[in-house]
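Q: One structure follows; several queries about it will come next.
Coordinate-derived values only; no laboratory data. Since the model is a prediction, treat every value here as computed from it, not as a measurement. All Cβ positions, glycine included, derive from the backbone under ideal geometry; neighbour counts span all protein chains shown.
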Amino acid sequence: IDLIERGHYDEAIHLLIASLGNFFELFGKIPDSPEVAQIYEALGKAYLLRRKMKKALHYSAKAYKIYLKIKGSSHEDTIRAQNTISECLEKKEIKTRAKSKKGTFTQGQGQENRPRRYRLLRAESCI
């Protein structure tokens, strides 16, 4: 987690995945373990900061499900995992919007090169 705070996301992800593997090797697959939930949560956060939303959502959802089952809906760990999921969804939506708007016009282009709808809205705002 210290690596995540320092911005070393790839290294943190590598170590977290290795520690998850080690945990499963030593203790078997304990599906509702708080330790596993913490690793999933850290992976979700690292992938979120790395802007890998699909993986961030995957691991954050796993952490949330475990926390919900073992700690309940009002526990701070459950709420934190839920907030990470919300943040992932929000950033994913922003990314999707940016992709859909890409190519309509670039900053610095003249009014004539912008879409007609934009020119009309801009003109109405000046009235």
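Q: In whole angstrom, and with the biggest value first, how far do the Cα coordinates of the range 32-96 range along each principal axis?
A: 34, 19, 13
Q: Hey, another quick one. Label points 7 Å out from Cα along the Cβ direction at Ala18 and Leu89: separation in nm?
A: Between Ala18 and Leu89, the label points sit 3.5 nm apart.
Q: Okay, moving on. Starting from a Cα-only point model with no solvent, please compute log10 I(q)/I(0) by Debye for the range 6-47 at q = 0.16, 0.21, 0.22, 0.32 1/Å.
A: Summing over Cα pairs of the range 6-47 leads to -0.39, -0.63, -0.68, -1.12.
Q: Under 17 Å from the Cα of Lys95, which aspartates and glutamates turn up, not counting those fewer than eight places away in the same chain?
A: Partners within reach: Glu87.
Q: Determine which lysines satisfy two conditions relative to Lys69: a Cα distance under 27 Å, and not lying fewer than 8 residues away in the same chain.
A: Here the lysines satisfying the reach criterion relative to Lys69 are Lys29, Lys45, Lys52, Lys54, Lys55, Lys91, Lys92.
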